[in-house]
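S.K.: This structure is in structure tokens; I'll ask about it shortly.
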Amino acid sequence: MRTVNSSVPRWQTAAARLAILIVIIQALGPRAGWSQEPVQPGIKEEFLEQEKIYRSRRADGGRVYTTDRGLSRYAELLPSGFCEALSRLGSSDRWLDIGAGQGQAILDYYVPEDAAAPAEKCRGSAPKARAVAISIEDRRRDNWKQQAARLGNDRIRYLSGKRLGQYSPEELGKFQLITDVYGGFTYTEDLSRFVDKVLKLLEDGGSFYTLATGVHLEDGTDKLGTLYLTELEDAFGREVKVCSWLKKISCVQVTCESKSDLKRPTQLIKIRKVCSDTSVQRTKLVEFEAGYPPARCFQLDP
Ligand SMILES: C[S@@+](CC[C@H](N)C(=O)[O-])C[C@H]1O[C@@H](n2cnc3c(N)ncnc32)[C@H](O)[C@@H]1O
């Protein structure tokens, strides 16, 4: 039990405690000042390496990263409720697929595939929504060009040459549904800016469906010895789960499903925007290693 020396004035003990507290806080961190640039040496070379991955083609030496997942694969990978949300869209609604690769998921949505395919229930019976595919590099194939010409009237659009964050709100407009399957959410160097942009592009009531692979799972079921791909830490270097960070955003409802049975622990994430005043706690990139996907570590703004 602590004892108090009654001969020492109360303000002096309080001042001493405050001084000790300041010393402890300074000793613990933060690991690096938010305003400094604590990035690893050689990070620019990693960015250049990543650019090469975006530009790589099968012909350049084999398959490097997957760009042709169709709607069935999206239905398997994205959180539950994605198919129903897509099937509910009407002809005046809009769907944005960020990091669309070849845009195969959008093509499958428009062009009936096998009626028994798992994605069939995503298509619904109503006239189809307008769809926009975004990719850094142009991965369109002839089937996209032919289908876009057949549908006409800009029903499906493919935008490339820029990252999501480089488009103005006017260029893209607003969307009821946004998806990202191993796209910008997995590859971006500025995670908070990316999420902020996605939320600004969503209509109120609209939803963003994505997944994060190689992350600390919300329910803690990731196994010991996991090699993580995306890590978040607070200013003292303590681990923060991606879902905990997302759940601090204002004006959204975040649902996370944990998948620990896959090759890497994967969090399936649905973010529903409930009002327009969204605000995302900022992240700063502190480590980056090029790859498909890249390995990234972000520090949260204290
Ligand atoms: C691995 S591919 C995935 C393609 C597709 N979603 C699939 O599952 O087949 C990654 C895609 O994300 C795109 N991408 C990465 N970062 C992006 C960003 N910040 N903005 C837009 N697209 C991005 C790449 O250009 C590419 O089209």
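Just so it is clear, none of the values below were taken in a lab; they were calculated from the coordinates. Here the structure is a predicted model, which means the values were calculated and not measured. With ideal geometry, Cβ positions are generated from the backbone for all residues, glycine too; neighbour counts draw on all protein chains shown.
S.K.: Please report the equivalent ellipsoid semi-axes of region 41-300, computed as sqrt(5 x eigenvalue) of the Cα gyration tensor, largest first, in whole Å.
M.R.: Semi-axes (√(5λ), whole Å): 28, 22, 18.
S.K.: Going 7 Å from the Cα of THR226 in the Cα-to-Cβ direction, what parts of region 247-263 have a backbone nitrogen less than 19 Å from that spot?
M.R.: 247-248, 255-263
S.K.: Related question: Taking θ = phi - 60°, what integer Hz values does the Karplus form 6.51 cos²θ - 1.76 cosθ + 1.60 yield along region 255-269, in sequence order, with x for Gly and Pro?
M.R.: 10, 10, 10, 9, 10, 9, 8, 7, 4, 10, x, 10, 9, 8, 10
S.K.: Report, to one decimal in Å, the Kirkwood hydrodynamic radius for region 159-199 based on all distinct Cα pairs.
M.R.: Final number for the Kirkwood radius of region 159-199 is 11.0 Å.
S.K.: May I ask for the distance between the Cα centers of region 176-199 and region 236-299, given as a whole number of Å?
M.R.: Cα centres, region 176-199 to region 236-299: 10 Å.
S.K.: Something else now. For region 206-302, what is the largest minus smallest coordinate of the Cα atoms on each principal axis, given in angstrom and ordered from greatest to least?
M.R.: Principal extents (Cα only, largest first): 39, 29, 24 Å.
S.K.: Could you order the peptides 166-173, 225-232 from most to least packed, using the average number of other C-beta atoms within 10 Å per residue?
M.R.: Result, highest mean first: 225-232, 166-173.
S.K.: Let me ask something else. Stretch ASP138-SER80 to full length: gain in nm at 0.36 nm per residue minus the Cα-Cα span?
M.R.: Going from the current span to full extension adds 17.9 nm.
S.K.: Follow-up. Tabulate in residue order the Karplus-calculated ³J(HN,Hα) for region 146-162, using 6.51 cos²θ - 1.76 cosθ + 1.60 with θ = phi - 60°, rounded to whole Hz; enter x for Gly and Pro.
M.R.: Karplus values, whole Hz, x for Gly and Pro: 5, 5, 4, 5, 5, 6, x, 6, 6, 4, 10, 10, 10, 10, 9, x, 9.
S.K.: When ranked by the protection proxy of mean other Cβ atoms within 10 Å per residue, highest first, what sequence do the peptides 83-89, 123-129 form? Please list the in-between numbers first.
M.R.: Details: 83-89: 18.6, 123-129: 15.4.
Sorting 83-89, 123-129 by mean packing, highest first, produces 83-89, 123-129.
S.K.: For a quick protection proxy, order the peptides 178-186, 149-157 by their average other-Cβ count within 10 Å, most packed first. Let's see the in-between values first.
M.R.: Working: 178-186: 23.7, 149-157: 12.7.
Taking the mean over residues of other Cβ atoms within 10 Å, the ranking is 178-186, 149-157.
S.K.: Let me ask another. Counting DSSP beta bridges with both partners in region 41-300, what percentage is antiparallel, nearest 5? Don't skip to the end; give the middle numbers.
M.R.: On the way: 23 of 45 bridges.
Of the beta bridges lying entirely in region 41-300, close to 50 percent run antiparallel.
S.K.: At 4 °C and a viscosity of 1.567 mPa s, what translational diffusion coefficient does Stokes-Einstein give for region 130-277, taking Rh as the Kirkwood radius over Cα pairs? Give it in µm²/s as a whole number. Walk me through the numbers before you get to the answer.
M.R.: Details: Rh = 16.8 Å.
For the chosen part, D equals 77 µm²/s.
S.K.: Tell me the label-point distance for the pair GLU287, CYS275, using the 7 Å Cα-to-Cβ offset, in nm and rounded to one decimal.
M.R.: Placing both labels 7 Å beyond Cα along the Cβ direction yields 3.9 nm.
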